[in-house]
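Worksheet: one structure, shown below.
The values are calculated or read from the model by the stated rules, or taken from the named source; none is laboratory data. Keep in mind that what you see is a predicted model, and the values were worked out from it rather than measured. Please note: Cβ atoms are built from the backbone with ideal geometry, for glycine as well, and neighbour counts cover all protein chains shown.
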Amino acid sequence: MPSRQTQAARPNGRSKHAPKCVPAVWFSAIALAVFGACDTPGVTLVDPDISNRNDRGTTIHVTLEDSALAEALGWSQGVPNALVQLHRDVDPFRPDTLYTDSTGHISVTDLLPGYYRVAAYRTSPGEQSDTSTRAFGDGFRTNLPAAIELGMAADRAGSLVVSELFPGGTWPDGIQYDWEGFFELYNNSDTTVYLDGMLWGWALGRGGSALHSCDEQRPFREDPLGLWSLEFHQFPGTGMDYPVAPGQVVTVARDAVDHSVVHPALPDLSQADFELEGTIDPDNPDVPNLPTVGLGYNLLGHGMVTYPSKVYYLAQAIDPTSLETAILPSGSKYARIPTDHIIDVVNGAGVSLDGASTPTPPNKLCRAVNRSFDRLGYAFYRPVSDFRDPLAATWSIQRRVLKLTEGGRPILQDLNTSFLDFIVATRSTGSIEF
């Protein structure tokens, strides 16, 4: 398995010598050829509908938002050799990978119609062992027009980041089990920070109601003034009780117990740093609790779930009773977490590699959150679609390692673009592996 550093340099894990343009229709043709050769009884193959194929083509131009930095790097005309990914929403395939020319341009033809995730990524100037390495990225979803402009932003300065999300909800040996989820925070900065009073919750986005149109929910989903949240927990402490040193990992369990006694593939979280407080869950007296302080709570009684298909956030300490509230179109009361208090956001959506291509529901085309929080949600690929497979209990989504400090401490990538910042990997409870 390649190191995390290698994966960070190449978001899709391909070699730099990979073909620079592989249209999505080729994948369909390859899949048909493979399955056709098997001559599976009872299976009828249907040619893809290419009547609305984008024969006119799409031109993509990749630039840096910071024009002064672009000038200093010699990228004034555009970003050369930037990796661009195109992922059609309804395709159960990994994104097509292309690279820009010397002026930051790409021309693509013969694309199937539909909504695409379009993302651009580039590191500079050197490898991950170079402490001056920077990362740049941008992304959004679009029904491919004739021309696309991607304005890449640079990685953010160090802060607390969400480094790992383990979903839980697996079915090892056919037994449904929902309590083994956890998330981890990592101090990406060079100074000690304190968790006291910080909020952890999920925001309106993919975790919101699917019964209302984009236009109805857009003022809340894309609110530049903050994230609207129903369910959130608060870290204990009165100011400086829970320090996090530079490079330290903090594990927060849904239930801080040894889940491996249920199945050996599940994690032992009895030594977690914190656990979410629920109404009926077991309490580990040696692990501090994060009480529920939101306007709603999980009815199963074990605290908030950690499924990565929601929009999760970490926010600075604030009095929950001081938050502005509103009744959303769903009829529920939500609280707004102010923009200036948002520390980090993770926005995910799962795709099964062996899943069928189905039309995208209209509400799924809504932007989940304002671009200032996350430019493009992560379309993570599940290693297996059957949660009864023990393998499903071993993977998580993890933030990429961008580089190492001179002392060897990992610096994690933070582009405010979950699509580029995260990968699927074997869970690594309590550590950063690279």
Item to check | One residue from F93, F140 being of a type outside the set (D, E), modelled with pLDDT under 95 and outside any strand (DSSP E or B) | outcome: F93
Checklist outcome for this item: Restricting attention to the range 191-209, the residues that are modelled with pLDDT under 95 and among the charged types (D, E, K, R) number exactly 1
Checklist outcome for this item: Among the residues of the range 382-434, the number that are in contact with a helix residue (DSSP H, G or I) (Cβ under 7 Å, 6 or more places away or on another chain), modelled with pLDDT under 85 and assigned to a strand (DSSP E or B) is 0
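Every residue, every condition in (1) of a type outside the set (D, E, K, R); (2) modelled with pLDDT under 90; (3) over 12 Å from the mean Cα position of the chain (by Cα), yes or no:
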position	(1), (2), (3)
I318	yes, no, yes
V346	yes, no, no
D354	no, yes, yes
K364	no, yes, yes
F380	yes, yes, no
Checklist entry - Across the range 134-150, what is the number of residues that are crowded, with 21+ Cβ neighbours inside 10 Å and over 20 Å from D89 (Cβ atoms)? => result 2
Checklist entry - Looking at the range 231-267, which of its residues are modelled with pLDDT of 95 or more and in contact with a Lys or Arg (Cβ under 8 Å, 6 or more places away or on another chain)? => result P246, G247
Checklist entry - Out of all the residues in the range 96-125, which are among the polar types (S, T, N, Q) and assigned to a loop (DSSP other than H, G, I, E, B)? => result T100, S102, T103, T109
